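Chemist: Mind having a look at this structure? Questions to follow.
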Amino acid sequence: MKVMLKYELKRIFTKRLNRVLITIGLALSVILSFLAATSNRFVSSQGHLETGISATRKVVADKNRNKGLMTPKRISELITQDQRAFREYKDKGESDKIYGTSIQQYLDVEQIVSYILTGNEDYNPSVYLDVNPKKLLNIYKIREAKIQKLIRQNGKTEEQRKYLKAQYDKISTPYQYEAPDSWDTMQLYVVTYSIVLAIIVGFICAGIFADDFQTKADTVFFATKYGRTKAVKTKIVAGIATTTVVYWSGIALLSIICFGIMGISGINTPYQMSQAYSIYIMTYGQYYLLTVVCGYIASLLTATLSMFVAAKMHTVSVAVCIPFFLYCLLPFIGRALSRYTTIFNLVPTILTNVEASARAPLVYQIGNHVFRQIPLVMVIYTSVAIVLIPFIYRSFHRYGRK
């Protein structure tokens with residue numbers, strides 16, 4: 001079995017098209033790393049704009065002047081200072097110098113206040129400008145009142161309402177703040193890159209079961225002693241191993257380069273700092289891990305579906321379209337139809353759109369058990385990928401037999 005697996009992996013990684021695809025994937029990780037590392041803007045105290053690879057660390061250092069426990073009193077004081085600085089900023093013709101010395105450091109505090117006061121549906125990023133700082137002494141009580149409303153809106157049954165309340169009760173306030181800019185930045189780029197990797201994996205895995213038919217070697221393959229048993233199992237194992245290696249190698253390269261440049265400030269900052277009404281209790285570091293694990297499940301699903309279709313149809317032409325449909329076309333269909341049916345809130349697209357799902361307090365109930373959207377989707381499509389394996393084996397194993 002080991003010899004057969006080595007041979008199958010060698011076939012995969014020495015195939016010219018596969019090597020080109022893997023090279024493109026790794027090159028894209030470097031390109032995306034550069035784009036991520038240079039995507040933030042820093043304004044110095046002299047009013048000079050910087051956008052180089054050091055910009056993120058400088059922005060983080062500036063914001064971390066407010067690092068610490070975000071008590072209501074502290075939030076009120078910081079917003080008071082921010083409002084005063086903004087008035088000066090406007091009065092003097094939006095001076096970059098004032099922005100760099102004062103306003104820049106308050107950006108995350110502004111987001112916390114604006115999001116707690118207005119929430120998902122009516123989010124207003126400028127509401128902090130007009131709020132009475134004294135009102136902010138009750139900022140977490142305001143949040144609690146809105147949570148009770150969300151529980152009533154999203155909890156359709158008593159079990160769901162109890163579950164939502166239990167989730168919200170686990171969230172500790174006041175929040176411990178440390179600027180999470182590098183994690184915020186990476187969230188966009190890692191999602192984009194995970195889709196690219198899923199497409200690459202789909203191409204490679206489709207070829208594992210279609211190559212023998214394209215090269216007319218299928219007769220020889222099935223005539224061998226283990227052609228219908230161990231050899232088929234080996235192809236499946238090789239496909240899963242290739243998916244794992246390609247995905248995690250790409251993600252590791254992207255993460256090492258990006259966080260090496262931007263730093264990991266905010267790794268333990270609660271996710272609720274930016275999404276106060278999320279029911280996912282996690283830090284920014286855990287949020288990033290959740291995103292990449294969902295991306296891996298998306299790649300596994302693509303790999304098994306591509307292998308199944310290729311084994312069934314003996315061609316890669318249809319199989320390679322699967323990742324495009326799942327992660328490029330289906331999101332648009334789901335966005336248009338999700339308001340009419342809840343089934344589109346459980347499609348594979350969720351695996352590559354964790355950010356939108358983590359914001360929404362969506363729950364589902366099976367019997368007396370209540371589940372959050374993302375864990376439920378993860379379980380569903382991990383199960384689908386596993387269940388497809390015996391069907392892949394059976395389709396290829398029975399080829400040519402009546």
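Chemist: Among the candidates Y99, Y128, Y115, Y123, single out the residue that is aromatic (F, W, Y) and within 30 Å of I257 (Cβ to Cβ).
Modeler: Numbers: Y128 fails: within 30 Å of I257 (Cβ to Cβ); Y115 fails: within 30 Å of I257 (Cβ to Cβ); Y123 fails: within 30 Å of I257 (Cβ to Cβ).
Just a single option satisfies the conditions, and that option is Y99.
Chemist: Which residues, taken from segment 1-35, are within 16 Å of V232 (Cβ to Cβ), in a helix (DSSP H, G or I) and not basic (K, R)?
Modeler: Listed by number, the residues that qualify are V3, M4, L5, Y7, E8, L9, I12.
Chemist: Would you please name the residue that is least open to solvent (accessible area, probe 1.4 Å), looking only at residues in segment 31-50 that are β-branched (V, I, T) and closer than 24 Å to I251 by Cα? Give the steps one after another, and end with the answer.
Modeler: Filtering segment 31-50 down to residues β-branched (V, I, T) leaves 31, 38, 43.
With closer than 24 Å to I251 by Cα added as a condition, the list becomes 31, 38.
Values: I31: 90, T38: 34 Å².
If we take residues in segment 31-50 being β-branched (V, I, T) and closer than 24 Å to I251 by Cα, then T38 is least open to solvent (accessible area, probe 1.4 Å).
Chemist: Separate question: Take the residues in segment 274-296 that are hydrophobic (A, V, I, L, M, F, W, C) and open to solvent by 10 Å² or more (accessible area, probe 1.4 Å), then tell me which one is farthest from the chain's Cα centre (by Cα). Spell out the reasoning first.
Modeler: Kept after step one, since they are hydrophobic (A, V, I, L, M, F, W, C), are these residues of segment 274-296: 276, 279, 281-282, 289-290, 292-294.
Cutting the leftovers down to open to solvent by 10 Å² or more (accessible area, probe 1.4 Å) gives us 281-282, 289-290, 293.
Values: I281: 16, M282: 14, L289: 8, L290: 7, V293: 8 Å.
Taking the candidates together, the pick is I281.
Chemist: Something else: Within segment 319-336, how many residues turn out to be under 16 Å from the mean Cα position of the chain (by Cα) and surrounded by 16 or more Cβ atoms within 10 Å (Cβ to Cβ)?
Modeler: Of the residues in segment 319-336, the ones under 16 Å from the mean Cα position of the chain (by Cα) are 326-328, 331.
Narrowing further to those that are surrounded by 16 or more Cβ atoms within 10 Å (Cβ to Cβ): 326-327, 331.
Qualifying residue count for the region: 3.
Chemist: Let me ask another. Would you tally the residues in segment 51-69 being within 26 Å of P270 (Cβ to Cβ) and open to solvent by less than 50 Å² (accessible area, probe 1.4 Å)? Explain how you work it out, then say what you get.
Modeler: Step one: of segment 51-69, the residues within 26 Å of P270 (Cβ to Cβ) are 55-69.
Now narrow it down to the ones that are open to solvent by less than 50 Å² (accessible area, probe 1.4 Å): 55-56, 59-60, 62-64, 66, 68.
Final tally of qualifying residues: 9.
Chemist: Could you tell me which of the residues Q160, Q104, Q153 is more than 24 Å from the chain's Cα centre (by Cα), assigned to a helix (DSSP H, G or I), surrounded by 19 or more Cβ atoms within 10 Å (Cβ to Cβ) and not basic (K, R)? Show your work before the answer.
Modeler: Working: Q160 fails: surrounded by 19 or more Cβ atoms within 10 Å (Cβ to Cβ); Q153 fails: surrounded by 19 or more Cβ atoms within 10 Å (Cβ to Cβ).
One residue alone meets the criteria, Q104.
Chemist: Also, quick follow-up: With modelled with pLDDT under 90 and either crowded, with 18+ Cβ neighbours inside 10 Å or assigned to a helix (DSSP H, G or I) (or both) as the only criterion, which of V232, V196, V190 stands out? Talk me through it step by step, then tell me what you get.
Modeler: On the way: V196 fails: modelled with pLDDT under 90; V190 fails: modelled with pLDDT under 90.
Matching residue, one of V232, V196, V190: V232.
Chemist: Would you mind finding the one in D82, D91 that is more than 30 Å from T244 (Cβ to Cβ), among the acidic types (D, E) and in contact with a helix residue (DSSP H, G or I) (Cβ under 6 Å, 6 or more places away or on another chain)?
Modeler: On the way: D91 fails: in contact with a helix residue (DSSP H, G or I) (Cβ under 6 Å, 6 or more places away or on another chain).
So the residue among D82, D91 that is more than 30 Å from T244 (Cβ to Cβ), among the acidic types (D, E) and in contact with a helix residue (DSSP H, G or I) (Cβ under 6 Å, 6 or more places away or on another chain) is D82.
Chemist: What residue, among those in segment 319-333 that are in a helix (DSSP H, G or I) and touching a Ser or Thr at 6+ places or on another chain (Cβ under 8 Å), is farthest from I350 (Cα to Cα)?
Modeler: Step one: list which residues in segment 319-333 are in a helix (DSSP H, G or I), which gives 319, 322-333.
Those left that are additionally touching a Ser or Thr at 6+ places or on another chain (Cβ under 8 Å): 319, 322-323, 326-327, 330-331.
On the way: A319: 21, I322: 16, P323: 14, L326: 10, Y327: 9, L330: 10, P331: 9 Å.
Step by step, filter segment 319-333, then rank; the result is A319.
Chemist: Just need a number here: residues in segment 163-185 that are farther than 26 Å from K67 by Cβ and open to solvent by 60 Å² or more (accessible area, probe 1.4 Å).
Modeler: Of all residues in segment 163-185, those farther than 26 Å from K67 by Cβ come to 163-167, 169.
So of that shortlist, the ones also open to solvent by 60 Å² or more (accessible area, probe 1.4 Å) come out as 165, 169.
So the answer is 2.
Chemist: Out of the residues in segment 297-318 that are in a helix (DSSP H, G or I) and of a type outside the set (A, V, I, L, M), which is most open to solvent (accessible area, probe 1.4 Å)?
Modeler: Going through segment 297-318, the residues in a helix (DSSP H, G or I) turn out to be 297-313, 316-318.
Filter again for of a type outside the set (A, V, I, L, M), leaving 299, 302, 304, 306, 308, 312, 317.
Details: S299: 0, T302: 0, T304: 3, S306: 0, F308: 53, K312: 127, S317: 69 Å².
The qualifying residue most open to solvent (accessible area, probe 1.4 Å) is K312.
Chemist: Still on this structure, I have one more. Being modelled with pLDDT under 85, of a type in the set (G, A, S) and farther than 23 Å from I204 by Cα is the requirement here; does S357 meet it? Outline the logic, then answer.
Modeler: Numbers: modelled with pLDDT under 85: no; of a type in the set (G, A, S): yes; farther than 23 Å from I204 by Cα: yes.
So S357 fails the test.
Chemist: Go through segment 79-95 and give me each residue that's assigned to a helix (DSSP H, G or I) and either modelled with pLDDT of 85 or more or surrounded by fewer than 17 Cβ atoms within 10 Å (Cβ to Cβ) (or both). First the steps, then the outcome.
Modeler: First pass over segment 79-95, keeping only residues assigned to a helix (DSSP H, G or I): 79-91.
Matches in segment 79-95: I79, T80, Q81, D82, Q83, R84, A85, F86, R87, E88, K90, D91.
The values are calculated or read from the model by the stated rules, or taken from the named source; none is laboratory data. This structure is a prediction, so every number in the text was calculated from the model and none was measured. For neighbour counting, all protein chains shown are included, and Cβ atoms are generated from backbone atoms with ideal geometry for every residue, glycine included. Ligands, DNA and RNA are excluded from the accessible area calculation, which covers all protein heavy atoms including side chains. Shrake-Rupley method; radii C 1.70, N 1.55, O 1.52, S 1.80 Å.
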